Amino acid sequence: MEIEIDTKSRQPILEQVVGQIRRLIENGRLTAGEELPAVKALADELNISRLTTGRAYDRLCSEGLLLHRSEGFVVAGAE
């Protein structure tokens, strides 16, 4: 996934992840129904905590941008 963490930024890592995924969705780089990497996979890729990744996904679900399905997280809008 096209996310980069700036460890020198004053912006918390959680906010960086949420903001970047939100922009990927808004810009059409992630489309409705598209599966996101598993929490552990994204955490490993970004070298961040699984808790942070899970919280980012949960926040995006609460904003209506992602859906949590039994197989994982998908971009909302493909109903």
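Coordinate-derived values only; no laboratory data. Because the structure is predicted, anything quoted here is derived from the model rather than measured.
Structure data summary
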{"item": "Average Cα contact separation per residue, the chain, under 8 Å, 6 or more apart, as relative contact order %", "result": "33"}
{"item": "Rg/Rg_globular for the stretch 1-78, with Rg_globular taken as 2.2 N^0.38 Å and Rg from C-alpha atoms", "result": "1.01"}
{"item": "Under-5 Å amide H pairs with F73, H placed in peptide plane, nonlocal only", "result": "L36"}
{"item": "Segment E45-R69, length gained on full extension (0.36 nm per residue, minus Cα span)", "result": "6.5 nm"}
